[in-house]
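Read-outs: derived from the displayed coordinates by stated rules, not from any lab. Just so it is clear, the model here is predicted, and its values are computed rather than measured. Cβ placement follows ideal geometry from the backbone for every residue including glycine, while neighbour counts extend to all protein chains displayed.
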Amino acid sequence: MARRARKWISLLLLPGGIAAAQQVPSDPTFRAGTELVQVSVVAQDKQGKPVTDLRRDEFQIFDNGMPQEVRLFLSEKPNPAPPEPLPPNTFTNGSHSGYSVLLFDNLATEFAYTGSGASGIGYARKKALQTLRTIPAGDKIAIYGLWRKLQIFREFTTDRDSLIRQLTAMGGSVDTPDWNHCALDPDLKGAARDAAARSREIGECNRVDGLQRIRSLDEELQQVADHLAGIPGRKNLIWMAGQFPVSPAALQKLKNAGVAIYPVDVHASMKTVQECDKSGGYQALRALAATTGGVAFHCRQDLDAAIGEAMEDGHVSYTLGFYQSGDVRQASVHQLGVRVSRPGVTLRYRTSYQAEPPRRPVSADLVQALNRPVDSSAIPARASVTLSGDSLKLEARLDVENLNLTPEEKIWKGRIEVVARFVTADGIMASDVFHQTVTMNLRQATYDAAVRDGLAYSTELKVPAKAVELKLLFANPASGKIGTLTIPLSEITAR
């Protein structure tokens, strides 16, 4: 333990600050006291165009009908130009927005539907490829598939070429509904069996198979929610399928994770408007999308344009946050309401969240956060690193406003948990996980400087053999906020 402490962390104090770094056991308990509930809101005018200039004081937010103070207010707008490159050996978890997941359902929707021409998942893939070739670069896009096991074909990236390669190579699995396994089962084709018996057995087989598919689909949607929960900001889930069965539990998980669902009905893409009106189902699709803040696409023959619209929706959005009042003893669903005082503005947002009792121990939460595919920016951080031999020196600045410090007798107090992990190219930990608690006591002048420039923080670590990446994590026990920062060692210029 002593060797670990020597090579661990020291807090670089700003003038007038007092801080203490405390060594803690490897499995401490990290619990959030009051939960910050965040709600992503899309605002549009009467012409359906985004409203970009709303202010905090124009919003009201309600939890189970009770007005709440808006403690967090963020306005997300598309960057008019690419961000300026960072200085050498500088890394940041930045400000994240523009996440879209192309979700192809091969569980309950056939890949190549022949009954109405090309209207299965294969057709949706073709249209998605057209979209990727035409939309501007910048959005972070992922490709997932609902197979018998959740498939991650491509994790979030802005690399259009890699997305196109992965989507081109994607085909239907042998378990796609189009294969009709029950009808092809040789045990059901015996000459001695009469047609009625075969029909009953095939019907029962299809019924059981359908139930298994729905159960798998529901489990995988919950896995998607867990996977996306730690990614900051709004996530657009563009779900391409012929039907959209989702349980209340999975739907609530997706809403809690800040996921807006954009159901794209691929079966209706070849129908006329009159046929769509007769078939019905659009109201249920709209309700599914609306409860998460998304938009439903039904009876759209231009699926490529629909997919592009789903990606673009929410580029201009607002994030409102409030703190739950009182202690949460058991999980319960709360209804959300958001109003805006400006006339002529329509809002879209998730309509509920699930309040949870105090969170589980840090060992589970932090490891899960470290494994996220995208850095979390709930605690924004920017770090400069120096690599000399096997010694890595890091100097970081943390956004103090997201550390939930509280003033007590003119001293701003709080604490953060800091975790660091080196990994190899195979994703295996290259050394022990380092974890420490840092207690802060900042005088007013120090706090003001930290608000302006960020809280200065430094660490020096020994780089283990075969390590290719360093993952840093900063966690705030008061609010449950977590920020992570990934540093590829190959991108550091050694001195």
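Descriptive notes on the structure:
- From most to least packed by mean Cβ count within 10 Å, the peptides 134-140, 247-253 give 247-253, 134-140.
- Each listed q (0.21, 0.32, 0.33 Å⁻¹) maps to a log10 I(q)/I(0) for segment 402-445, found by the Debye formula over equal Cα scatterers with no solvent: -0.70, -1.06, -1.08.
- For segment 283-352, taking Cα atoms only, Rg and Dmax work out to 15.8, 50 Å respectively.
- Over 22 Å between alpha carbons, listed pairs 413/462; 127/149; 393/481; 255/481; 393/466: 413/462; 127/149; 393/481
- Inter-label distance, nm, simple model (7 Å from Cα along the C-beta direction), residue 77/residue 200: 6.9 nm
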